[in-house]
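Report on one structure; see the data block that follows.
The values are calculated or read from the model by the stated rules, or taken from the named source; none is laboratory data. On a predicted model such as this, the values are computed, not experimentally measured, just so you know. Backbone-built Cβ (ideal geometry, glycine too); neighbour counts: all protein chains shown.
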Amino acid sequence: MSQSLILNDDRLFPAEAGVRAIARRLYGEVKTLPIISPHGHTDPEWFATNDPFPNATELLLAPDHYLYRMLYSQGIPLEKLGIASKAGPSEADPREAWRLFAGAQSLFRGTPSAMWLNHVFAQVFGFTERLNAETADSYFDVINEKLATDAFRPRALFDRFNIEALATTESPSDSLRHHRAIAESGWGGQVITAYRPDPVIDAEHEDFQAALERFANLSGQDVMSWQGYLQAHRIRRAAFAEAGATSTDHGHPTAATADLSPGHAEALFRTIVAGKASPAEAELFRAQMLTEMAAMSLEDGLVMQIHPGSFRNHNRQIFERYGRDKGADIPTQTDYVRALKPLLDRFGNEADLSVIVFTLDETSYARELAPLAGHYPILKLGPAWWFHDSPEGMRRFREQTTETAGFYNTVGFNDDTRAFLSIPARHDVARRVDCSFLARLVAEHRMDEDEAAALAVDLAYNLPKRAYKLDRPRRKLAA
Amino acid sequence: MSQSLILNDDRLFPAEAGVRAIARRLYGEVKTLPIISPHGHTDPEWFATNDPFPNATELLLAPDHYLYRMLYSQGIPLEKLGIASKAGPSEADPREAWRLFAGAQSLFRGTPSAMWLNHVFAQVFGFTERLNAETADSYFDVINEKLATDAFRPRALFDRFNIEALATTESPSDSLRHHRAIAESGWGGQVITAYRPDPVIDAEHEDFQAALERFANLSGQDVMSWQGYLQAHRIRRAAFAEAGATSTDHGHPTAATADLSPGHAEALFRTIVAGKASPAEAELFRAQMLTEMAAMSLEDGLVMQIHPGSFRNHNRQIFERYGRDKGADIPTQTDYVRALKPLLDRFGNEADLSVIVFTLDETSYARELAPLAGHYPILKLGPAWWFHDSPEGMRRFREQTTETAGFYNTVGFNDDTRAFLSIPARHDVARRVDCSFLARLVAEHRMDEDEAAALAVDLAYNLPKRAYKLDRPRRKLAA
Amino acid sequence: MSQSLILNDDRLFPAEAGVRAIARRLYGEVKTLPIISPHGHTDPEWFATNDPFPNATELLLAPDHYLYRMLYSQGIPLEKLGIASKAGPSEADPREAWRLFAGAQSLFRGTPSAMWLNHVFAQVFGFTERLNAETADSYFDVINEKLATDAFRPRALFDRFNIEALATTESPSDSLRHHRAIAESGWGGQVITAYRPDPVIDAEHEDFQAALERFANLSGQDVMSWQGYLQAHRIRRAAFAEAGATSTDHGHPTAATADLSPGHAEALFRTIVAGKASPAEAELFRAQMLTEMAAMSLEDGLVMQIHPGSFRNHNRQIFERYGRDKGADIPTQTDYVRALKPLLDRFGNEADLSVIVFTLDETSYARELAPLAGHYPILKLGPAWWFHDSPEGMRRFREQTTETAGFYNTVGFNDDTRAFLSIPARHDVARRVDCSFLARLVAEHRMDEDEAAALAVDLAYNLPKRAYKLDRPRRKLAA
């Protein structure tokens, strides 16, 4: 059975007619604003080479852990979905993988994936029937056909999507050659990087020692000495800033920070690089490094992002067979009040430092994060993240943070995605949900509509631009 | 003052006219579907003997901890409500107890108990005025009169309630004679059992040693040896499966699991049966037994249910005077991410194992349970449980789990009740709340109505039947 | 740009017309009821001397941590807002401070502060344009002018606000002379005190030893002996009761209680007063003192309030420069199930004891507090507190506690404020939010409207009066 696919203009707006009318008006103010995407995981190589994307499965399914984790939870093996394992690329036929996916669309009912996919199918590819077992092949063929055209190359889509700025995320040991190639290409798209030093900070990462070696090579420093290691960070941060970076990013298991004496820090570092760290020492080192990174941000102006609280690679067997990042990361309870105190004790009142905090533990919104951000000058709240980047998740974020932190201690939306085609869909969902929240406040006479209209634009455009310093003159990349 | 009692056809539906109209249509699809009750605590003896229920107080008040805990919280002594103590049965006159209850109805305003009671009063007994101090006696008389008639005997009500399958819960040391009597009676009602081995697993239970003795007698095994003990479980599980069981159930203080080496497990077992276990050892043994039970489920196909996180018998004085299960169980914070990992490391990816997880800690819905169930093939989420088996609780369950786990990693509704007469009321509330949730998604254009209609039927009927394997040919009970 | 300031009659009511109509009718029942303010932090000296309030900044901004914490979070230094530091009073010009505040009103969009302020501006001072940079000076002038008139003196406002009873909060070492002055003044306003012994219980408070000395002087007891210390509490509690107190209040970092043997308690006390307590011992002593206070409440009938879970003075630098209570208190995760058990084991079933529990950790509402209050006779739930004293916070409180604890295990509203002029605004918000919640239950046919109307009056007036024993004949203050 085929069914029509329609993106209703009022989607995500509250049903009550009066509130919906307000939401529509507010959304009218932001609908066509350019996209600011200050944090995400797209691949800069796409924009450097501008090669066509390969096919529907490799573009839309295989890299999207939201999709294949759901399929896997219902018994579909990863290898049938085109997911590479440690043994090598999947041997699945892309069309067969696509058919499996198409036949299982009911699993996504009520999930943001369904909304994002339908937006991509309708807006980017022009489909008018839903994806299902019957339409699977025609979808596969049409998508592949379009991907082979110039209009669907990465840069053309970037321009069509009205993206004003897009940040990718790289490790300190990345050469940034793709960003250099983009800058030298003459194409005007603003694709910047962000400094994510986890691989050279997390002693529990299986590639830690190898990452340190590349870090040494790229920075030219003796990274096995504490001072050389810190200097290497400074050098690479400067290189990232030259490649447009305005921020760093830190994805630790917890939000723990530390402020050790120089002697203690150096002794800890020696244990770490000797490969002898206990889990508690590895944790303490990560904690100390957040404070060191804050100190460097105070010098070089990079905005600091902290993304804590994911238990990575929870499924042992999947990790052993497929490796990292295979949809098996699970959020954990996360404390911020005690965890951030050492960093805040030292830098919490600095006018020139900005730290954006995220959470996967929604219980911290009203209890910890809004009170912290509603007091400390350096703290801002990142938007609803990952599993909570969804209509209900965003609504809870606003309902639970606004009354204590207000709107101006938040930073607008992050899509945080590697699913490039879904970026307009994701920003559109965020704008609709924020306008719906504001519309309710207006309808309940908790705010006037002129205030809500100003806020809608701030949340969609001004706040992310300001919070990530994208409103400042862009540094030129050295040739 | 007497007031009319009316069950409005639109009860629990959202007020907005458009959403309500959708909810009505969706509810129309499920309203008359048979009841699948795959987990509960009714007494199989009722259906075995089919004796009339005694009176209003003994049927509706004295066994219902939802009711008497509320009355007790406002200063009404348990003994006045017909609750037996360790010293023996209550000496309260059933009519006096009923009057106390009737006069305190305002305490239940806004609680699910009020909705369930009114449903029972209106639909089962035909009352048209509310219960209160004035109508107390006529209620008591009319109920007792009806209970004495054949139409109100247990089997007649079971048939009238349109129950397709009803599971009770028994300990391994239960003889299952009532289930045998039901099977031999020629009555067609499907009343099955479920295997709840807590009494022979929890060394902190005051009757642990006595339960072990009965376990030995019924299984014919030397349950004081580790191998004999495990074998006794296998034997009793098989007997339960013969009596229709399709599931086991585990009500531990936490969700902790363990996967000890055989030698370690055996040594721990010896400490346990010697009565020398520390609280930590008792906890570790319960944790290990969850993994042992999962291993047996992989062999015999019984679906495993985990109901963790209740601090049982919190009120010391009530426990000393009245014993267990007197409305003094309090939920506690419950971790799943680390707790379930040992079991998941071993069995998390098994195609032939199904583990249904419940929680009393709603903070785990979006943070832990939906991400776990949205990835691991063996995990499904049980419905909103106990204190959260309520309109707001069910709504939060859907709002907080759907976006990450979807609907198909959930298992429909469990009434989990010993209040037999309230079963239709409870399933009706669940159906109405689910239809209301779906109606909002439709009204906000997050799902098409045909999808919502299919989901409504799946949630009300297909999912519980499938999740509890009640869609498979029923094994015959050996004569 | 100046904009009109209008308090819409329907503010905070749900947008849907049918629900709003019900909310309006319910609110009509409670709108003009007298205010019962059983817990707060106004200054009794205001009512004792009845001197005019100084100026807009000193009355409305400088004492209100909700306001200046938000301004500080956006980089405005506290000293510019008129906040005194340890070095002395702020040198900021009150008009300049007011201008800073006026120009930053957009920060409060969506916060309860905005609603409270607008209520005060419109209802108390009669403004018809919003406060902003343009209207800052005229606001400042008009407010100061009015404050100088007799109609704006503390007692006149108290009467105009229709306050039936107002409780302040004092330390055991307060002489209560202001309350005595009020009683002797012939003015009829009921301004009572509450016994807050934290300063003589918390060994980690920097003024602990000095507070003990004053405690000894006022009580005439040897407070360095355990029996003398306990007797001093009894004496001061009696003095507070004479000054109208009906309650005690306890603001501990956690909800921990203890029930030590007399010998253990006395030994712990000796360590405490010797100034040698470890943090764990200080915590244990606070825990033990909650149980001691409960024992005394059982004797003298004072209702006990527990306000746990705030990490006080989290910002080290602000604490060092400005001292306590400067908007830098942050909620923490708070356990109640294990924490309260020692006290409940001893006193949980006492008919003559009443303990009102508050939380800053909303996760405890449905999981712990509602189940505890829905069972234990001594427990009642205080309203949504501090950061959660807001429309969304109050809604969550009702949604998450009602189904398990009902309404009658709650105690109505507390404004808990030192911002005297905002008291009517805060009670009005609470009444509107409760009526909106009840209206939804009526519209969804979960309650009849006559029940909701009775509840609205109970929540606004009867419950706080009863819970705080303000419905009993008032003791006369000894001359």
Failed item in (1) part of a helix (DSSP H, G or I); (2) at the interface with another protein chain (Cβ under 8 Å from one of its Cβ atoms); (3) of a type in the set (Asp, Glu), with residue A:428 passing the rest: (2)
Criterion (crowded, with 17+ Cβ neighbours inside 10 Å, among the aliphatic types (A, V, I, L, M), farther than 26 Å from residue C:149 by Cα and outside the structural domain of residue C:187 (by TED's automatic domain parsing)) met by exactly one of C:81, C:107: C:107
Of all residues making up region A:168-193, the number that are part of a helix (DSSP H, G or I), aliphatic (A, V, I, L, M) and surrounded by 19 or more Cβ atoms within 10 Å (Cβ to Cβ): 2
Residue in region B:349-371 that is away from chain A (no Cβ under 14 Å), out of contact with any strand residue (DSSP E or B) (no Cβ under 8 Å at 6 or more places or on another chain) and closer than 27 Å to residue B:289 by Cβ present: no
Criterion (more than 10 Å from chain C (Cβ to nearest Cβ), closer than 23 Å to residue C:453 by Cβ and touching a helix residue (DSSP H, G or I) at 6+ places or on another chain (Cβ under 9 Å)) met by exactly one of B:100, B:117, B:67: B:117
Filtered residue count, region B:391-404, keeping only those that are more than 8 Å from chain A (Cβ to nearest Cβ) and either acidic (Asp, Glu) or not in a helix (DSSP H, G or I) (or both): 1
Residues (surrounded by 18 or more Cβ atoms within 10 Å (Cβ to Cβ) and not in a helix (DSSP H, G or I)) located in region C:291-312: C:302, C:303, C:304, C:305, C:306, C:307, C:308, C:309, C:310
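Residue-by-condition table, conditions (1) more than 25 Å from residue A:319 (Cα to Cα); (2) in contact with a helix residue (DSSP H, G or I) (Cβ under 7 Å, 6 or more places away or on another chain); (3) among the acidic types (Asp, Glu):
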| residue | (1), (2), (3) |
| --- | --- |
| A:195 | yes, yes, no |
| A:220 | yes, no, no |
| A:226 | yes, yes, no |
| A:243 | yes, yes, no |
| A:249 | no, no, yes |
| A:259 | yes, yes, yes |
| A:264 | yes, no, no |
Condition broken by residue A:407, with the remaining ones in (1) within 12 Å of another protein chain (Cβ to nearest Cβ); (2) free of Cβ contacts under 8 Å to residues at least 40 places away in the same chain satisfied: (2)
Count of region A:372-390 residues which are within 20 Å of residue A:248 (Cα to Cα) and either outside any helix (DSSP H, G or I) or within 14 Å of chain B (Cβ to nearest Cβ) (or both): 11
Options C:129, C:204, C:170: the member that is in contact with a Lys or Arg (Cβ under 7 Å, 6 or more places away or on another chain) and among the charged types (D, E, K, R): C:170
Search result, residues across region B:308-328 that are at positive phi and more than 7 Å from chain C (Cβ to nearest Cβ): B:309, B:313, B:323, B:325
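Conditions (1) within 25 Å of the chain's Cα centre (by Cα); (2) crowded, with 21+ Cβ neighbours inside 10 Å, marked per residue:
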site	(1), (2)
A:6	no, no
A:18	no, no
A:41	yes, no
A:58	yes, no
A:67	yes, yes
Among the candidates A:220, A:228, A:251, residue that is of a type in the set (Gly, Ala, Ser), more than 19 Å from residue A:295 (Cα to Cα) and either free of Cβ contacts under 8 Å to residues at least 12 places away in the same chain or out of contact with any Leu (no Cβ under 7 Å at 6 or more places or on another chain) (or both): A:220
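Every residue, every condition in (1) in contact with a Leu (Cβ under 9 Å, 6 or more places away or on another chain); (2) aliphatic (A, V, I, L, M); (3) in the same structural domain as residue A:113 (by TED's automatic domain parsing), yes or no:
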| position | (1), (2), (3) |
| --- | --- |
| A:406 | yes, no, no |
| A:410 | yes, no, no |
| A:417 | no, no, no |
| A:421 | yes, yes, no |
| A:425 | yes, yes, no |
| A:443 | no, yes, no |
| A:454 | no, yes, no |
| A:457 | yes, yes, no |
| A:460 | yes, yes, no |
Pairs with Cβ under 6 Å, 6+ apart, first in region C:155-173 and closer than 17 Å to residue C:428 by Cβ, second surrounded by fewer than 20 Cβ atoms within 10 Å (Cβ to Cβ): C:158/C:189; C:162/C:34; C:164/C:34
Selection from region A:315-351 of residues that are in a loop (DSSP other than H, G, I, E, B) and either of a type in the set (S, T, N, Q) or without any contact (Cβ under 8 Å) to a residue 12 or more places away in the chain (or both): A:315, A:332, A:333, A:334, A:338, A:349
Qualifying positions in region B:330-348 - surrounded by 22 or more Cβ atoms within 10 Å (Cβ to Cβ), more than 11 Å from chain A (Cβ to nearest Cβ) and under 22 Å from the mean Cα position of the chain (by Cα): B:330, B:331
Candidate set from region A:10-53 (those that are in contact (Cβ under 8 Å) with a residue 12 or more places away in the chain, within 14 Å of chain B (Cβ to nearest Cβ) and assigned to a loop (DSSP other than H, G, I, E, B)); member that is farthest from residue A:168 (Cα to Cα): A:16
Matching residues, region C:92-144, being in a helix (DSSP H, G or I) and among the polar types (S, T, N, Q): C:105, C:106, C:113, C:118, C:123, C:138, C:144
Odd one out for residue B:417, checked against (1) farther than 22 Å from residue A:69 by Cβ; (2) in contact with a Lys or Arg (Cβ under 7 Å, 6 or more places away or on another chain); (3) within 7 Å of another protein chain (Cβ to nearest Cβ): (3)
Selected residue (only one of A:82, A:110 is within 13 Å of another protein chain (Cβ to nearest Cβ) and either modelled with pLDDT of 95 or more or under 26 Å from the mean Cα position of the chain (by Cα) (or both)): A:110
Residues of region C:58-82 that turn out to be in contact (Cβ under 8 Å) with a residue 60 or more places away in the chain and touching a Pro at 6+ places or on another chain (Cβ under 9 Å), as a count: 3
Filter result (over 19 Å from residue C:380 (Cβ atoms), touching a residue at least 12 places away in the same chain (Cβ under 8 Å) and in a helix (DSSP H, G or I)) within region C:272-290: C:272, C:273, C:279, C:281, C:282, C:283, C:284, C:285, C:286, C:287, C:288, C:289
